[in-house]
1. Could you check which residue among G33, G46, G18 shows the biggest mean-square fluctuation in a GNM of the chain with a 10 Å Cα cutoff?
2. Largest first, please: the extent of the C-alpha atoms of the chain along each principal axis, to the nearest Å.
3. Within the stretch 51-114, which GluC sites (Glu not before Pro) sit in a loop by DSSP and count at most 13 neighbouring Cβ atoms inside 10 Å?
4. Figure the gain on full extension for A19 and K122 (residue separation times 0.36 nm, minus the Cα-Cα span) and round it to one decimal in nm.
5. Going by C-beta contacts inside 10 Å, put H75, H102 in order with the fewest on the left.
6. Figure the gain on full extension for V6 and T77 (residue separation times 0.36 nm, minus the Cα-Cα span) and round it to one decimal in nm.
7. If I build a Gaussian network model for the chain, linking alpha-carbon pairs within less than 10 angstrom, which residue out of I29, I124, I44 has the largest mean-square fluctuation?
8. Is the stretch 7-69 best put as rounded, prolate or oblate by its Cα gyration tensor, with a ≥ b ≥ c the root eigenvalues, rounded for a/c under 1.5, and otherwise prolate when a/b is larger than b/c, oblate when not?
Amino acid sequence: MRYNEVVMDHFMNPCNVGAIDDVDAIGEIGDDGCGDVVKIYLRIEGGRVQAASFETLGCATSIAASSMATVLLEHQTWERAALLTAAEINDALGGLPDDKKHCAVLAERAVKAALRQYFMKKQIAYNSDAFAIVDDSDAGERCDF
Ligand code: FES
């Protein structure tokens with residue numbers, strides 16, 4: 001089978017699907033290379049991610065990566081959430097096929113876009129290079145794991 005059980009489970013039974021109420025930040029990123037779009041919603045209270053959800057217009061692994069990203073974000077401090085990487089999402093999924101690893105990159109970029117909005121709203125200093133919105137590039141170019 002092309003995808004492992006974890007990936008299939010997060011595709012067939014994704015966690016945290018759909019918009020959430022009282023959202024603090026939304027990050028939406030598209031990949032011009034494949035056309036997939038990921039939107040991440042975050043509610044952050046007391047410095048922690050109290051709720052994370054997603055909407056994805058994309059492939060099976062994009063849905064699985066978005067789902068896993070929200071699971072990894074829940075109950076984390078925003079400082080830890082800011083460190084979430086595509087490699088971590090990929091590892092938690094048990095590994096994506098090489099030609100699908102950019103789906104984890106897209107999920108990471110959507111999380112970073114949401115956190116960037118949160119930082120700006122709360123006037124929290126952040127590294128603008130690390131949280132740059134790069135909406136017109138091929139996520140595959142950033143696949144270094
Ligand atoms: Fe491009 Fe899934 S095929 S994000």
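Each reported figure results from applying straightforward, stated rules to the coordinates on display, with no laboratory input. Keep in mind that what you see is a predicted model, and the values were worked out from it rather than measured. Positions of Cβ are generated from backbone atoms using ideal geometry, with glycine treated the same way; all protein chains shown enter the neighbour counts.
1. Of G33, G46, G18, the most mobile in the Gaussian network model is G46.
2. So the extents along the principal axes, rounded to whole Å, are 45, 29, 22.
3. Hits after loop and neighbour filter: nothing returned.
4. 35.0 nm
5. H75, H102
6. Using 0.36 nm per residue and subtracting the Cα-Cα distance, I get 23.1 nm.
7. I124
8. Judged from the Cα gyration tensor, the stretch 7-69 comes out oblate (a/c at least 1.5, b/c at or above a/b).
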